[in-house]
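Laboratory data are not the source of any read-out in this text; all were calculated from the coordinates shown. All values reported here derive from a predicted model rather than from experimental measurement. As a convention, Cβ positions derive from the backbone with ideal geometry for all residues, glycine included, and neighbour counts pool all protein chains shown.
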Amino acid sequence: MTNHYSRMVYASKATFKPFKAGDSIDKDVKDILTTARRENKKNNLVGALYYGNGCFFQCLEGNQQDIDQLYAKLEKDPRHHELKVLSLEPVEQRSFSSWEMKYATIDREVRAFLRTHQMGKFNPYRFSPEMTAELVGLLQQADENAGEFHEPTARQPENRGVSMTVFWLTNIISIIATAIITLWLVQA
Ligand SMILES: Cc1cc2nc3c(=O)[nH]c(=O)nc-3n(C[C@H](O)[C@H](O)[C@H](O)COP(=O)(O)O)c2cc1C
């Protein structure tokens, strides 16, 4: 028997106020992702979430029955409202297979996408089916690091550690070399 998957995309409006503390991710969104990742793993669902301008744009892939069950829960979740299904289609394969729920921090790409479509603010309720498909494509392409909670720059300290080691090693080698040359010159 072939395995049939569906892909559902919906939009909704967050009911909580955006909270921006530095560069970190919104606490409410973080909680949603933690639950989504835990539950989707159990329910064999995968997908991606984008959050911008107080709106969610979520793509869910899995068996239709599992998607329906989750959608029933989503409709009752007080953290968002005005859910609107933007697309529902059968797919051969799940494109987010390594993500229980990928969080796409693709604000720059979305801004360019909105410009192309002459849309001022991120408003998925006004997306055409083509725009919905295009944004799903952007979510699929999004950098893998974007799915983590931390910023992509979080690896910097590790890199700095490596360059400091190289710096000190170079210094020590040149000191030893200078000492050897000086000793050799003195003896000569
Ligand atoms: C925008 C948004 C996206 C969500 N995405 C998921 C998801 O992908 N998977 C999931 O299990 N729950 C998701 N949730 C949370 C569900 O609405 C629900 O709280 C969760 O499945 C636990 O439900 P339960 O306690 O009735 O089992 C999301 C909630 C919001 C507001």
Exercise. Out of residues 5 or more away from Trp99 or on other chains, whose amide H comes under 5 Å of its own, with H placed 1.01 Å from N in the peptide plane?
Worked result: Gly47
For this session: Report the calculated FRET efficiency for Asn123 and Arg37 (r = Cβ-Cβ distance, R0 = 25 Å), to the nearest 0.05.
Result: 0.40
For this session: Compute the distance in nm between two label points, each set 7 Å from the Cα along the Cα-to-Cβ direction, one at Ala133 and one at Tyr71.
Result: 1.9
Problem set entry | Taking the range 11-93 and dividing mean pair separation by its residue count, relative contact order in percent (alpha carbons under 8 Å, at least six apart) | 42
Seminar exercise, completed: For the pair Arg111 and Leu185, the simple spin-label estimate (label points 7 Å beyond Cα toward Cβ) gives in nm 5.6
For this session: Can you pull the one-decimal nm distance between simple spin-label points at Gln64 and Glu92, each 7 Å off the Cα toward Cβ?
Result: 2.0
Problem set entry | Amide proton proximity set for Phe56, modelled H, under 5 Å, gap of 5+ | Ser12, Lys13, Ala14
Exercise. Among the lysines, which fall within straight-line cross-link reach of Lys76, defined as a Cα-Cα distance under 25 Å, with same-chain neighbours fewer than 8 residues apart omitted?
Worked result: Lys13, Lys17, Lys27, Lys30, Lys41, Lys42, Lys84, Lys102
